[in-house]
Amino acid sequence: MQKAYKLLGKHRHYDWGGTTFLPNLMGVENVNHLPYAEYWMGAHPLAASTIQTPEGEKDLMQLIKSQPIQWLGKEITNKFNALPYLFKILDVRDMLSIQVHPSKQNAVIGFKAEQDKGISIDAANRNYKDENHKPEVMVALSDFWLLHGFLPAANLEKRLNTYLCLKPLVSEFKGGDYRNLYSYFMQLPMEVADAILKPLLEEAANSVAKGTVTKNDPHWWAHKYYADGIPSKNIDKGILSIYILNIVNIPKYQGIFQGAGILHAYLEGQNIELMANSDNVLRGGLTPKYVDVKELLQHVNFVPTHPIKLKGDKLNDKEINYPCPVPDFGLTKIVLNVGEVCTISTYSLEMLLVIDGEVIIEDIAYKAGDTGLLTPNAKLTMKAKAASVLFKSFVPK
């Protein structure tokens with residue numbers, strides 16, 4: 001059995017994606033100007049990867065199902081019985097939905113409840129697609145912006161007092177009652193919410209037009225969401241989240257971890273994302289998709305969040321580790337100068353994504369945009385043909 005294979009992921013053409021970053025990275029012609037939003041690497045049933053073998057391309061999910069110990073290793077098979085992570089590249093042109101992910105325990109409960117109700121797995125009003133949690137770590141490939149958890153209490157109260165139309169919500173916050181503030185607003189009648197959000201959006205539009213705000217200001221993002229015009233009614237309630245969550249800027253090659261219960265949304269930029277192999281998302285707005293407010297409120301962590309940017313912990317002179325406090329996945333960045341050699345000893349099925357440069361692994365060349373699949377319990381040598389940056393996904397011991 002080979003120790004390394006070239007892995008071919010799947011592109012996802014969601015409307016919010018950009019049209020140039022992923023095609024340029026992977027040498028794909030985008031003659032129809034399609035949105036290339038995500039590139040999936042893994043064994044998720046919605047878009048399983050293939051690998052190149054001497055017998056042709058083989059479906060990774062089917063290979064794992066037929067020979068789990070060979071492809072996952074004995075320990076990973078016993079613990080997960082599947083590849084427990086999904087690796088992605090994202091190009092966020094338009095803002096993604098406000099969302100939260102359930103814990104493992106709550107995912108099991110929610111999935112069973114919807115199964116018992118007979119809700120189709122692909123129904124628009126389906127919340128739980130599987131029984132898994134969906135913690136995730138992201139590392140920026142460009143200047144990246146996101147919303148991440150509630151502002152500290154003093155900052156949030158100051159934010160509400162800054163805008164005349166949000167001042168009535170100060171009494172609902174009560175100096176730190178995140179649950180009451182968020183629940184109150186998300187359950188307001190639509191016409192009452194519109195009366196708050198419409199003047200807020202008008203103020204945002206004026207501020208952007210005057211050039212008095214930057215991307216650190218919620219007005220910037222509220223206006224971006226409705227840049228084509230402010231609706232007269234049924235304004236997306238997710239707009240409030242832009243004003244009460246942390247706006248975080250992640251520099252290139254730094255990251256952030258997002259566990260269960262953290263309200264968040266990607267705003268702009270390119271990144272890599274590594275997550276548990278799940279599709280469970282509870283949405284809180286900034287989307288035309290289904291928003292189940294009652295279910296959403298069961299899973300939000302109603303506490304202040306102090307964002308922790310991950311710069312990476314040095315493992316050696318070539319590799320840094322981004323701490324991920326979950327058993328499902330780990331992530332490192334490897335930087336090689338031209339001609340340098342790196343030895344890799346695998347424990348699980350691992351993936352090496354080349355972001356920059358070119359490397360040789362087991363006599364196979366991998367250039368920027370390519371991904372190598374490394375089999376478990378193997379020792380491999382990698383040599384850089386050019387100065388290279390790679391990201392490695394794995395299951396920790």
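The values are calculated or read from the model by the stated rules, or taken from the named source; none is laboratory data. These numbers come from a predicted model, not from an experiment. Cβ coordinates were reconstructed from backbone atoms using ideal geometry, including for glycine residues, and neighbour counts include every protein chain displayed.
Things worth noting here:
- Scanning region 344-366 finds one or more residues that are surrounded by fewer than 17 Cβ atoms within 10 Å (Cβ to Cβ), in contact with a Lys or Arg (Cβ under 9 Å, 6 or more places away or on another chain), touching a residue at least 60 places away in the same chain (Cβ under 8 Å) and part of a strand (DSSP E or B).
- The residue that is farthest from the chain's Cα centre (by Cα), among those in region 346-372 that are over 18 Å from Val335 (Cα atoms) and among the aliphatic types (A, V, I, L, M), is Ile364.
- Contact map, region 40-54: first residue more than 22 Å from Thr77 (Cα to Cα), second residue surrounded by fewer than 19 Cβ atoms within 10 Å (Cβ to Cβ), Cβ cut-off under 6 Å, separation 6 or more or different chains; pairs are Gln52/Lys6.
- Some residue of region 122-141 being of a type in the set (Phe, Trp, Tyr), in contact with a Lys or Arg (Cβ under 9 Å, 6 or more places away or on another chain) and in the same structural domain as Asn277 (by TED's automatic domain parsing): yes
- Inter-residue pairs, beta-carbon under 7 Å, first free of Cβ contacts under 8 Å to residues at least 40 places away in the same chain and in region 129-151, second buried (at least 21 other Cβ atoms within 10 Å of the Cβ), 6+ apart: Glu131/Ala107
- Test for Asn155: is it surrounded by fewer than 17 Cβ atoms within 10 Å (Cβ to Cβ) and farther than 30 Å from Leu310 by Cα: no
- Criterion (hydrophobic (A, V, I, L, M, F, W, C), closer than 18 Å to Leu96 by Cα and in contact with an Asp or Glu (Cβ under 6 Å, 6 or more places away or on another chain)) met by exactly one of Ile242, Ile235, Ile250: Ile235
- Those helices (runs of 4 or more DSSP H) lying entirely in region 59-178 with at least 1 residues under 20 Å from Ser278 (Cβ atoms): 60-66, 68-72, 74-79, 104-116
- Test: residue in region 230-250 that is free of Cβ contacts under 8 Å to residues at least 40 places away in the same chain, outside the structural domain of Glu136 (by TED's automatic domain parsing), at positive phi and not in a helix (DSSP H, G or I): no
- Within region 168-201, considering residues that are surrounded by fewer than 14 Cβ atoms within 10 Å (Cβ to Cβ) and among the charged types (D, E, K, R), the one nearest to Phe302 (Cα to Cα): Arg179
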